[in-house]
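> This is the structure I have questions about; it appears just below.
The values are calculated or read from the model by the stated rules, or taken from the named source; none is laboratory data. Because the structure is a prediction, the values reported are computed rather than measured. Methodologically, a virtual Cβ is constructed for each residue, glycine included, from the backbone with ideal geometry; neighbour enumeration extends over all protein chains shown. Surface accessibility is based on the protein's heavy atoms, side chains included, excluding ligands, DNA and RNA. Shrake-Rupley method; radii C 1.70, N 1.55, O 1.52, S 1.80 Å.
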Amino acid sequence: MDVVGGIVIFGLLGFLGYVLGIVGFFRAGSAHAELNELRAEFRKFASSIQPPADSVARTSGGLPEDAGQQEIAPEPPQAHIERAAPPPMPPMPPPELLDPAPRPSQKLDVESLLTMRLGVWLGSAALLLAGVFLVRYAVEHSFLGPAFRCTLAALLGFALLAGAEWLTRHPGPDLPGLLQADQAPAGLAAGGIAMLFGASYGAGPYYGLLPSFVAFAAMAVCSFVGLASALRYGPLTAAIGIIGAFATPALVTTDNPALPGLFAYLIVVSIAAHLVVRHTAWTWLGWATVIAGAAWVCIAATTDAPGLWAAAAFVPAMAALNLALLPAAALDHPLGRRLAWGPFAVIAAAGLVLEQSAPDSTTRIALFLLSPIAVWKGVTEPRLDRLPWLAALIGLLALLLWGLPAWPYGIAGVAERGGPPPLEPTDVRAFLGAAVIFAGFYAAAGLVLERLAPHPLRWAALVAAVPILTLAAAFVQVTRFHPETSWDIAALLLSVGLTFVAVRAANDHSPQRAGVHAAGAVAALALGCAMIFRDQWLTLSIALFLPALAWIEAKADLPPLRTVAMTVATLVLVRLALNWYVLDYAYGSTKLANGLVLAYAFPAAAFAYAAHLFRRRADDLLVAILQAGAVTFAAYFLAFEIRHWFGDGNLEGPFTFDEIAIHVLTLSVQAWVYLFVAQRTGSATFDKIWRILGAGALTLAAWLLVFNPGLTGARCETFSLFAAYLAPAAMALHARGRLTESELRPLLGAYALISGFVWITLQVHHAFNTDRMNRFDLSEAELWAWSGAWLAYGLALMVYGIRANERPLRLAALGITSLVCVKVFLVDMGELTGLWRVVSFLGLGLALIGLGAVHRRFVLPLESGPDASRNPAAEDPEAPQPS
């Protein structure tokens, strides 16, 4: 079967030469079409410079159009003397280049669309279905034999192709615009190709009239004819050809499938299809070819057929073929650039699927070969010099998919934890060797090309990034995140090497390349820290590199490092803010000075300082992320320190009222401070930060208003009541004053009033009931104290409302005073006796009278205006005096 397959492939290669000949023939046809376009351009040029018709008639001896309808009087002889000589005419184009009968342009209306486009396409489909139904009818009624049916279908296919050729050679009237292309030949040719393909399939796999390899060759020839005919008849025949070409191997069954022959055939098909794409610029055909080839690679990954190496070899061959046959002019358009990137990624993804399903050294070599292919294309075509980054990503994924046994030892195979090696390290050594070669290739290519290429930073970044990422992938694969000293040494050596390269770039007076390599050296050190440190030490070590990146970005003028810093900052934020395992870290039992300082306080300081450095050059998204990160870490630090203090070192435990009160206080203070910062600096980031923290503080404070110690009986202290109610209320009231025009003013004012009232009530109750806050057998002294404290609170609000001219505060004061009145008349009258009742009513009466006097002397003048306090009689003696 392999020998026969080779003969078939050899025949297909010969046929490919025939296809190339056809391509050359039709390229001459395209030149003829370009000549017609040139004639049209000359026609436009002639119409723009043609003189008026009457002057042309006089100077060229021609007559006006209505010369036969009217007499022309002879001019007197002196008219020839008086008339000035006509101006010289500009040179006219040759008459043969002009269309003697230019026609007005026509638009493609609905009728033409239905008859000349959609109708023709539906007619092609109808022809295909007619052939299918004819064969089906003949089979159902036992008409003719299988051989005759297949022959009849083939003759019908040839007849349709002949009709398409006749229509092409005998075109109808030349129509301008969108009506110029005749779709009838394409429809007949597509139907003919489909008929020939169906006849080949019927004679081979369906009826078994032909051997498998002959049927395969017949269907392949039909597919190639379709692709070649596309150059003459259009994309419809190309679609039929490409579908048939890639469907042929699936339609032909054999007892001994040979993957090498299959993928050799697919390579030939791909070459033919890409040549058509190169000539016609049909990007859809290129995409269809690559996707179909990638699908066959994935299908091969699910089989156990021998020769799987052929599927692996097809991956780099297909990638190189797509890049080699892509015209350079295509890269001027976004579609052309996508045709370089997209198919490369698709075929590489198919190779990764093959490696995942059927791991093999051949597949890994094929995936690694994508790197030199990408580097070659990036060197020869600078517009694709980012393609090596895609190939590097594919290589790193191949390393991560490399199946390895657990090997808890260093790079040299020496046991770090003692004891004999439990596994043979052959696979590990092969993996490490491949990783070293992969990283070394990119380092060498980058070092050479960063001095020669038009975009040196893109190649320098390969030197700084790929070896570090390769070391990280190898560390993950070999050690499974277990600390190993030898890996730290490798990271340190890599950092030293990148530092040396950075110095060399600085000596070459290339500060940007030096900055890229310096950033790589910093990243290598960070990777070494990640290999040896754990828990909060890991986060700290990574966060401390942010100020270093900011310094390098400023010195080397490297804006891309801001993206790197943003990535690092995001990783640190996710690790500390969204990682619930931080509760299990060992922070120690010491109050305040514990591991939380390293885990959150230092990263907060590093984020804040990095934001300050980066903000010197630009106030962008990176600065906002760093500022938000610094605030987040500071908030987490305070919250966890409070939790650590009240939990005696345990972060997982029940909460007490005192602890929640401290949380409310710290959140309120942070929101109040960041409000001040936002208003001083005008920072939109801090404006959002204080709102978020303030919302958290208000939510927790509202929860304490409802579930207060008076209802829950929770133990509390004077300071915890102050922290839970009075201090947040004061800060809310102050924030309300700073927000002169905001929808938050009513909310903050309402909370401040309610929280202050609750604090007074609970504080009085706590003074008389220190052990049981939910006991309500109140004494006469406590009842009087409530009345007095509420009344004093109302008077204080009235005074503040008068001084600030805040009518809502005065109304709130009146409301509290009314509550005191209700309490005195309904509760104190019945519960209090003796002097307590006297003092209660005496104080209420004096307070009410005093409120009236104050309102008369201070509130009414404010509401009446500045002239209300003046005496009108003193200013106007004739004014009527009151009786």
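> Within a Cβ distance under 13 Å of residue 370, other residues only, what is the Lys/Arg minus Asp/Glu net charge? Numbers along the way, then the final one.
Values: positive: 364, 377; negative: 355.
Local net charge: +1.
> So what does residue 436 come to for accessible area, using a 1.4 Å probe and Å² rounded to 10?
100 Å²
> Shape of segment 587-714 from its Cα gyration tensor (a ≥ b ≥ c, root eigenvalues): rounded if a/c is under 1.5, otherwise prolate when a/b > b/c, or oblate? Walk me through the numbers before you get to the answer.
Values: a/c = 3.57, a/b = 1.47, b/c = 2.43.
In terms of gyration-tensor shape, oblate.
> Oh, and also: What's the extension gain from residue 250 to residue 571 if we count 0.36 nm per residue and subtract their Cα-Cα distance?
Values: separation 321, 0.36 × 321 = 115.56 nm, distance 4.72 nm.
Net length gain for the segment: 110.8 nm.
> Next up: Rounded to whole Å and ordered largest first, report the semi-axes of the equivalent ellipsoid of segment 671-783 derived from its Cα gyration tensor (root of 5λ).
Ellipsoid half-lengths, sorted descending, are 33, 13, 11 Å.
> Still on this structure, please answer the following. In whole Å, what is the distance between the alpha-carbon centres of segment 458-517 and segment 209-242?
If we compute the Cα centre of each part, the gap is 52 Å.
> State to the nearest 20 debye the size of the charge dipole of segment 607-682 about its Cα centre, where the only charges are +1 on K and R beta carbons and -1 on D and E beta carbons.
Here segment 607-682 has a charge dipole of around 540 debye.
> Checking the a/c ratio against 1.5 first, then a/b against b/c, what shape does the Cα gyration tensor give for segment 329-386?
oblate
> At a probe size of 1.4 Å, how large is the accessible area of residue 683, to the nearest 10 Å²?
About 20 Å², rounded to the nearest 10.
> Average projected area of the Cα convex hull of segment 505-636, in nm²?
On the way: hull surface 32.7 nm².
Across all orientations, segment 505-636 yields a mean hull projection of 8.2 nm².
> If you take every residue apart from residue 433 with its C-beta less than 12 Å away from the C-beta of residue 433, what net charge results, scoring Lys and Arg +1 and Asp and Glu -1?
In short, +1.
> A further question follows. On a full-extension model of 0.36 nm per residue, what is the gain between residue 715 and residue 448, subtracting their alpha-carbon distance, rounded to one decimal in nm?
Gain on extension, residue 715 to residue 448, equals 88.8 nm.
> Moving on. Between residue 148 and residue 304, what is the FRET efficiency for a Förster distance of 41 Å, r being their Cβ-Cβ separation, to the nearest 0.05?
Taking R0 as 41 Å, the efficiency between residue 148 and residue 304 is 0.55.
> Roughly how many nanometres apart are two label points built 7 Å out from the Cα toward the Cβ at residue 734 and residue 509?
That separation, rounded to one decimal, is 5.8 nm.
> Just to be sure I understand the model, the point goes 7 Å from the Cα along the line to the Cβ. What's the resulting residue 383 to residue 155 distance in nm?
5.3 nm
> What is the calculated FRET efficiency for residue 796 to residue 692, with r their C-beta to C-beta distance and R₀ = 35 Å, to the nearest 0.05? The partial results should precede the final answer.
Numbers: r = 32 Å, r/R0 = 0.91.
E(calc), rounded to 0.05, equals 0.65.
> May I pose another question? Grab the beta carbon distance between residue 743 and residue 605, set R0 = 35 Å, and tell me the FRET efficiency rounded to 0.05.
Details: r = 35 Å, r/R0 = 1.00.
Efficiency, rounded to the nearest 0.05: 0.50.
> Another question, if that's okay. Computed over the Cα atoms of segment 295-399, what is the convex hull's projected area averaged over all directions, in nm²?
6.0 nm²
> Let me ask another. Does segment 423-538 classify as rounded, prolate or oblate by the C-alpha gyration tensor (a ≥ b ≥ c root eigenvalues; a/c under 1.5 gives rounded; else a/b over b/c gives prolate, otherwise oblate)?
Here segment 423-538 falls in the oblate category.
> Ranked from highest to lowest mean number of other Cβ atoms within 10 Å per residue, what is the order of the peptides 735-741, 354-360?
354-360, 735-741
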